[in-house]
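Below is one structure, written out as structure tokens; comments come after it.
Throughout, read-outs are computed from the coordinates displayed, never taken from laboratory work. It should be emphasised that the depicted structure is a prediction, and the values quoted were computed from it without experimental measurement. Note: ideal-geometry Cβ built from the backbone for every residue, glycine included; neighbour counts use all protein chains shown.
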Amino acid sequence: MPQQPRTAGRLRQALGRWADTADQDARDLQRDSAPSGVASIADAGNRERVTLWGELRTVTLRPRGGVPALEAELYDGTDALTVVWLGRRRIAGVAPGRSLRVTGRIGLHDGVRLMYNPRYELLPEAR
């Protein structure tokens, strides 16, 4: 009688493939940003003017102090940074999955690294 495949084994394989894909995505982002001459988010210092490059993971409208604020999570394969545009409800072209270059100063608020109202450039898709 043939053995039945075990569900735990299939789940472990699926999780392993997912983890490998996430790791590969991070390596691809790091490789793609290296030649552009920008700092990595992990290496960028707080309160220093930096230019960063990455891919937007999320974009949300989150009011701050009664003022509309568009927040986006920028990820470059090394770390993530929250980018905030105060007074904006939306920005054409700023959407999850989009590549973006930002220039500004990184601040720390409640343990979260933020960049307020950066200069930005929408970049063509790297992949």
Quick one: Thr58 ticks every box in (1) closer than 20 Å to Arg119 by Cβ; (2) within 17 Å of the chain's Cα centre (by Cα) except a single one, so which number is it?
(1)
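I need the full set of residues from segment 95-111 which are under 11 Å from Leu56 (Cβ atoms) and out of contact with any Phe, Trp or Tyr (no Cβ under 8 Å at 6 or more places or on another chain), in order please.
So the first thing to find is which residues in segment 95-111 are under 11 Å from Leu56 (Cβ atoms), and the list is 95-100, 102.
Of everything in segment 95-111, those that are under 11 Å from Leu56 (Cβ atoms) and out of contact with any Phe, Trp or Tyr (no Cβ under 8 Å at 6 or more places or on another chain) turn out to be Ala95, Pro96, Gly97, Arg98.
How many residues, within segment 70-98, are in contact with a Pro (Cβ under 7 Å, 6 or more places away or on another chain) and either of a type in the set (D, E, K, R) or within 18 Å of Val38 (Cα to Cα) (or both)? Can you show your working first?
At the first step, the residues of segment 70-98 found to be in contact with a Pro (Cβ under 7 Å, 6 or more places away or on another chain) are 83, 87-89.
Checking the rest, the ones that are also either of a type in the set (D, E, K, R) or within 18 Å of Val38 (Cα to Cα) (or both) come to 83, 88-89.
Count: 3.
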Condition broken by Arg90, with the remaining ones in (1) surrounded by fewer than 15 Cβ atoms within 10 Å (Cβ to Cβ); (2) farther than 23 Å from Gly66 by Cα satisfied
(2)
